[in-house]
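Read the structure below first, then the notes.
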Amino acid sequence: MLSKKHKGSIVYRVTLWYSVFIVIFFALMLGVAYVIGVNLGDSKGQQKLQHSALELGQEIEDYENFDDGIYYVIYNKNDQRIRGSLPRGFDTKLGFTDEQLKEATSGNITYQYFDVKIKDSTEWLRAIRVKAGLSHELKMFLLALFLVAPFLVVGIVFGGYRILKKAIAPVDNLTQTARAITLSQDYSKRIIVSEQNNELSRLALTFNTMLASIERSFERERQFNNDVSHELRTPLAVILAESEYADKYAKDEAELKESAQIIRQQATMMKNLVDQILELTRLENGQTPRNIIVFDIVFR
């Protein structure tokens, strides 16, 4: 039993579809070969029947009752059989028509017969054959084709599957790399790109370009976080120090006011820094920043 993963894969579905197509193709090919073989065998049988009857009618001394699948019967002018034997089930009351191919059916068997007048005689020669359809050679050919066809189908399907799997291998490599990046958060990884310039190699190059862009974005974000942390650390340290000094060591109201002023200055610096960060965020999101002053620069 195939897993859902394999059943949903592109390789499996494409292999399944063209396998069905190949099986249908070979079935149609066998059917067409059979029909052509039947028609061809019947046509050759008719030609042989007519040719042998005409030839024997000219040289009756070579007469034989049965030769190479054809019955030969001689009738006198009163339509009475005088030589030869008829195939079982053949209608003995059929009238004579000079050099015209006719058919007669008895039960499930169809007969073809051809009548000619014997040269320099009042007698008739009737040649009869069973309409069998396929010759021995055609039967052997169709049998060989029928036996070989399954091996051809299996070989084509297996070869196509291997080719498809090899062609889709870069996609699996891309998927595994994307999964590894997701798990490790390491955006420095890249897809191995083949030297062939095809759709999959261009896809891998595009994916690598996207990874490089993501890596640069994360590096900028990491640097930004480090810079913000560094810029906020100094005013926070000053605020904490001044707060502790005012709480423990301030001697009078003047020192308390001085500490409060320093704390206010550092808090204002932090507020300005936060405002700048918010403005940068708005710019990155495509929003119009606030407090924009529009002015013209005139050169004289």
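The values are calculated or read from the model by the stated rules, or taken from the named source; none is laboratory data. From a predicted model like this one, the values you see are computed outputs, not experimental measurements. Here the Cβ is made from the backbone with ideal geometry for all residues, glycine too, and neighbour counts use every protein chain on show. Note: accessible area is taken over every heavy atom of the protein model, side chains too, but ligands, DNA and RNA are not part of it. Shrake-Rupley method; radii C 1.70, N 1.55, O 1.52, S 1.80 Å.
Residues in segment 165-190 that are assigned to a helix (DSSP H, G or I), closer than 15 Å to L211 by Cβ and of a type in the set (D, E, K, R): R179 alone. Here K251 fulfils each of the conditions (1) in a loop (DSSP other than H, G, I, E, B); (2) closer than 17 Å to V228 by Cα apart from (2). Kindly evaluate K139 against the criterion of being among the basic types (K, R), open to solvent by 40 Å² or more (accessible area, probe 1.4 Å), touching a strand residue (DSSP E or B) at 6+ places or on another chain (Cβ under 6 Å) and within 30 Å of V32 (Cβ to Cβ). When the stated conditions are applied, K139 does not pass them.
Within segment 57-84, how many residues are of a type outside the set (F, W, Y), within 24 Å of Q47 (Cβ to Cβ), in contact with a Phe, Trp or Tyr (Cβ under 8 Å, 6 or more places away or on another chain) and assigned to a loop (DSSP other than H, G, I, E, B)? Quick ask: steps written out before the conclusion?
First, pick out the residues of segment 57-84 that are of a type outside the set (F, W, Y): 57-62, 64-65, 67-70, 73-74, 76-84.
Keeping just the survivors that are within 24 Å of Q47 (Cβ to Cβ) gives 57-62, 64-65, 67-70, 73-74, 84.
Subset that is in contact with a Phe, Trp or Tyr (Cβ under 8 Å, 6 or more places away or on another chain): 64-65, 74, 84.
Still in the running and assigned to a loop (DSSP other than H, G, I, E, B): 64-65, 84.
Residues meeting the conditions: 3.
Residues of segment 45-52 include at least one that is surrounded by 13 or more Cβ atoms within 10 Å (Cβ to Cβ) and either more than 53 Å from the chain's Cα centre (by Cα) or over 22 Å from R126 (Cβ atoms) (or both). Apart from one condition, E103 fits all of (1) assigned to a helix (DSSP H, G or I); (2) free of Cβ contacts under 8 Å to residues at least 40 places away in the same chain; (3) exposed (fewer than 15 other Cβ atoms within 10 Å of the Cβ); the exception is (1).
Just one of F151, F90, F146 is part of a loop (DSSP other than H, G, I, E, B) and of a type in the set (A, V, I, L, M, F, W, C); which is it? Result of the check over F151, F90, F146: F90. From the list Q276, Q266, the one residue that fits, being farther than 30 Å from D172 by Cα, open to solvent by 80 Å² or more (accessible area, probe 1.4 Å), not aliphatic (A, V, I, L, M) and not in a loop (DSSP other than H, G, I, E, B), is Q276.
Look through E215, E219, E242 and report the one residue that is modelled with pLDDT under 80 and out of contact with any strand residue (DSSP E or B) (no Cβ under 8 Å at 6 or more places or on another chain). Full working, then the answer.
Numbers: E215 fails: modelled with pLDDT under 80; E219 fails: modelled with pLDDT under 80.
Just a single option satisfies the conditions, and that option is E242.
Restricting the first member to segment 47-67 and to residues that are under 19 Å from L86 (Cβ atoms) and among the aliphatic types (A, V, I, L, M), and the second to residues that are open to solvent by 60 Å² or more (accessible area, probe 1.4 Å) and assigned to a helix (DSSP H, G or I), the beta-carbon pairs closer than 7 Å and six or more apart or on different chains are L56/D62.
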